[in-house]
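Following: one structure in structure tokens, then a few remarks.
Bear in mind these aren't lab numbers, they're just calculated from the coordinates by the rules spelled out. Keep in mind the model is a prediction, meaning the values are calculated, not measured. Neighbour counts run over all protein chains shown; Cβ positions are idealised from the backbone, glycine included.
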Amino acid sequence: MRYSEMFLPTVREVPSDAEVISHQLMIRAGMIRKLTTGIYSVLPLGYRTVKKVEQIIREEMDGAGAQEVYLPAVQPAELWEESGRWKFYGKELLRFKDRHNRECCIGPTHEEVITDLVRNEVKTYRQLPRNLYQIQTKFRDEVRPRFGVMRCREFDMKDAYSFDADEKGADLSYEKMFKAYTRIFSRVGLNFRPVEADSGNIGGAYSHEFMVLADTGEDALAFCSACEYAANLEKAEIAKPAALQIDPSQFKALETIHTPNVRTIEEVSAFLGVTPQDIVKTLIFVADGKAVAVLIRGDEEVNEAKLRNFLGADAVELATDDIVLAATNSPKGFAGAIGIKADVYADYSLMNRVNVVMGANREDYHVKNANLGRDYGVKAFADLRIVKESDSCPRCGKPVRFARGIEVGHVFKLGTKYSKAMKATFLDRDGKEKFMIMGCYGIGVGRTVAAAIEQQHDAQGILWPMSIAPFHVIIIPVNVKDENIAKAGEELYRELEEAGLEVLLDDRDERAGVKFNDADLIGIPVRVTIGPKSLAAGNLEIRMRKTGEMKTIPVKEARAFIKDLVKGELKSLNDPNH
Ligand SMILES: [Zn+2]
């Protein structure tokens with residue numbers, strides 16, 4: 001491609017409405033333009049990268065036995081009513097009526113459509129398993145679209161859905177997708193981690209998010225410094241302590257202390273001269289309409305997602321003042337476990353603690369030396385707190401670390417949530433009618449491109465991995481009015497294209513500085529400069545965008561050298577063991 005002919009409008013200034021670097025660079029590099037809030041046009045340079053990401057996805061999905069389909073963007077409301085999501089999906093679902101007054105939506109995801117397709121065609125276990133995927137436009141009417149294509153309203157997504165006859169098969173389908181995703185993101189050239197994710201309230205299901213590690217990431221994750229364990233902060237587990245061992249001979253006498261207006265952990269700790277670790281915080285939650293008390297060490301925080309999963313509840317929220325009053329006979333700030341009118345659950349961190357401080361369930365009073373068994377009971381101990389960077393890995397015991405990440409993919413074992421709601425059944429080999437077991441697997445295509453930029457850029461612009469770079473090589477003849485230089489540029493351009501490389505020839509009549517700046521901005525991995533001095537000596541200059549490494553190469557050797565360079569890098573990215 002000749003730069004002079006390419007629709008490639010680069011911008012020098014940082015756009016004022018772009019908060020994150022990927023958004024800024026995609027605008028500046030002429031990859032995207034905004035049409036309206038959260039909706040973007042993809043320009044030729046951007047689309048070259050998008051198509052490369054899609055191609056890698058297709059190859060790996062096909063390689064894992066999935067088959068490509070293309071499902072409609074417009075979906076009828078009836079299917080969403082069947083799954084129950086018409087009511088619950090909320091305003092993110094763009095709904096409208098057609099001319100016959102039939103309710104429709106633009107698909108934000110395709111579980112309903114695919115389940116309908118498969119239930120109509122698949123009748124027996126012989127037709128299973130099946131895995132169907134598509135790369136298609138979705139629409140989610142985000143409240144606050146931002147960060148360019150990272151959180152936009154209309155976007156391209158690869159979504160795959162697996163259907164299996166039994167749990168074993170469903171686990172295998174999940175594993176195949178997990179492996180395919182690992183290969184996809186390796187080939188795209190990203191530093192990523194699959195992390196265990198909270199699967200919400202869908203019983204029995206599990207999921208992993210594929211996170212691209214970047215300081216600017218929206219999500220926080222915890223990962224082990226020694227083993228493979230990684231999870232998002234909502235999900236990150238804390239190791240269960242050794243068995244409950246309390247020695248009642250250590251128990252001191254229970255004291256009730258007047259603590260006027262002393263409510264918070266800090267106030268109690270200052271007033272009584274104890275550390276926050278000596279205090280038990282009692283929090284009242286409402287889980288599916290029922291009050292429950294959660295005990296946690298004064299310096300820890302309750303993880304509501306863990307509590308919800310542990311209780312198997314649909315919704316968990318902090319109790320209102322009147323519910324606290326009903327459970328504790330006192331206003332907020334004086335709750336404790338002794339005599340409380342609610343089921344009591346305690347975090348593992350309290351398992352072996354004796355002589356603790358807690359609220360007295362009486363206004364302006366706390367108790368000292370409260371002890372489990374003697375003074376209060378606990379229905380169960382569980383992992384209910386938010387992980388901290390000082391915690392140890394639940395798998396191997398080594399320290400955990402925190403990092404920030406951008407979610408680019410999600411694999412999810414759905415189980416029978418949709419097949420039950422939509423009656424997607426098959427006849428098993430025992431002649432019984434059973435529900436298909438499903439999984440769903442998404443990759444945000446535009447997000448993957450943006451994440452690659454967030455992770456790999458410098459002050460001058462983008463640093464594309466070779467596999468998704470819009471071009472492999474950019475040739476810069478520094479002065480196209482110089483006949484020899486222009487001719488050398490044209491020749492190398494033809495030779496490299498013949499060798500199967502993707503080349504951008506900057507044949508514009510611009511100053512060298514302008515060309516270099518644009519080349520750095522759009523991030524082409526290999527830059528070849530043809531200048532008067534080096535050409536007179538029979539050489540050209542090669543500069544690697546990522547490392548800045550420069551090499552002077554004889555013109556005659558350039559073709560073979562550059563070809564080896566590009567193919568070598570592509571090969572190392574495509575290597576399955578990479
Ligand atoms: Zn570990």
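Calculate the length of the line joining the C-alpha centroid of segment 356-383 to that of segment 291-326, in whole Å. Here the answer is 16 Å between Cα centres. Taking Cβ atoms as reference points and 12 Å as the exclusive limit, the residues near G30 contribute a net charge of +3, counting Lys and Arg as +1 and Asp and Glu as -1. Note on E142, E175: ascending count of other Cβ atoms within 10 Å places them as E175, E142, the fewest first. Restricting the trypsin sites (Lys or Arg not before Pro) of segment 231-297 to loop positions (DSSP other than H, G, I, E, B) with no more than 12 neighbouring Cβ atoms within 10 Å leaves K252.
Peptide packing for 400-410, 118-128 was compared via the average number of neighbouring C-beta atoms within 10 Å per residue; ordered from the highest value, the list is 400-410, 118-128. Compared with the alpha-carbon gap, the fully stretched path from K571 to L233 is longer by 118.2 nm at 0.36 nm per residue. 3J(HN,Hα) couplings calculated from phi for segment 313-318 with the Karplus curve 6.51 cos²θ - 1.76 cosθ + 1.60 (θ = phi - 60°) are, in sequence order, 8, 7, 9, 9, 8, 4 Hz; Gly and Pro show x.
Would you mind checking the pairs K91/K168; K252/K281; K91/K158; K52/K179 and listing those with alpha carbons more than 25 angstrom apart? Those over the limit are K91/K168. Counting only aspartates and glutamates at least 8 places from K51 when in the same chain, those with an alpha carbon closer than 15 Å to its own are E59, E60, D156, E502. A Förster radius of 22 Å combined with the Cβ-Cβ distance from L244 to E266 puts the calculated FRET efficiency at roughly 0.15. Cα centroid distance between segment 423-494 and segment 144-181, in Å? Going from one Cα centre to the other spans 17 Å.
Spin-label model, R395/R95: points 7 Å from Cα along the beta carbon direction are separated by 4.3 nm. Size of segment 152-291 from its Cα atoms: along the principal axes, largest to smallest, the extents are 63, 39, 38 Å. Summing +1 for each Lys or Arg and -1 for each Asp or Glu among the other residues whose beta-carbon sits under 12 angstrom from that of H410 gives -3. Along segment 485-497 the Karplus relation, 6.51 cos²θ - 1.76 cosθ + 1.60 evaluated at θ = phi - 60°, assigns HN-Hα couplings of 5, 4, 5, 4, x, 4, 5, 5, 4, 5, 4, 6, 5 Hz to successive residues, with x for each Gly and Pro.
Between Q55 and K434, the contour length at 0.36 nm per residue exceeds the Cα-Cα span by 132.8 nm.
Helical content alone sets the calculated 222 nm signal of the chain at -8500 deg cm²/dmol, taking -39,500 (n - 2.57) per DSSP H segment of four or more residues and averaging over every residue.
Based on alpha carbons, the Rg and Dmax found for the chain are 29.9, 98 Å.
Can you give the local net charge around L318? Use residues other than it whose beta-carbon is closer than 11 angstrom to its beta-carbon, Lys and Arg +1, Asp and Glu -1. Counting the neighbours of L318, the net charge comes to -2. When the trypsin sites (Lys or Arg not before Pro) in segment 427-456 are filtered for DSSP coil states and for at most 12 other beta-carbon atoms within 10 Å of their beta-carbon, the remaining sites are R429, K432. Here N517 and A560 are evaluated by their C-beta separation; at R0 = 41 Å the FRET efficiency comes out at 0.90.
Summary value for segment 471-574: 29 percent relative contact order, contacts being C-alpha pairs under 8 angstrom separated by 6+ residues. A simple spin-label model places the labels of M550 and D458 1.3 nm from each other, with each point 7 Å out along Cα-to-Cβ. In plain terms, the residue of K398, K417 with the fewest other Cβ atoms within 10 Å comes first and the most crowded comes last, giving K398, K417.
The count of lysine pairs in segment 322-481 whose Cα atoms are under 24 Å apart, excluding pairs fewer than 8 places apart on the same chain, comes to 16. As a rough footprinting exposure proxy, the listed residues T256, T182 were ranked by other beta carbons within 10 Å of their own, and the order from fewest upward is T256, T182. At an R0 of 56 angstrom, the distance between the Cβ atoms of A486 and F178 translates into a FRET efficiency of 0.60. Once the Cα-Cα distance is subtracted from the 0.36 nm per residue extended length, the R102 to A253 segment shows a gain of 47.2 nm.
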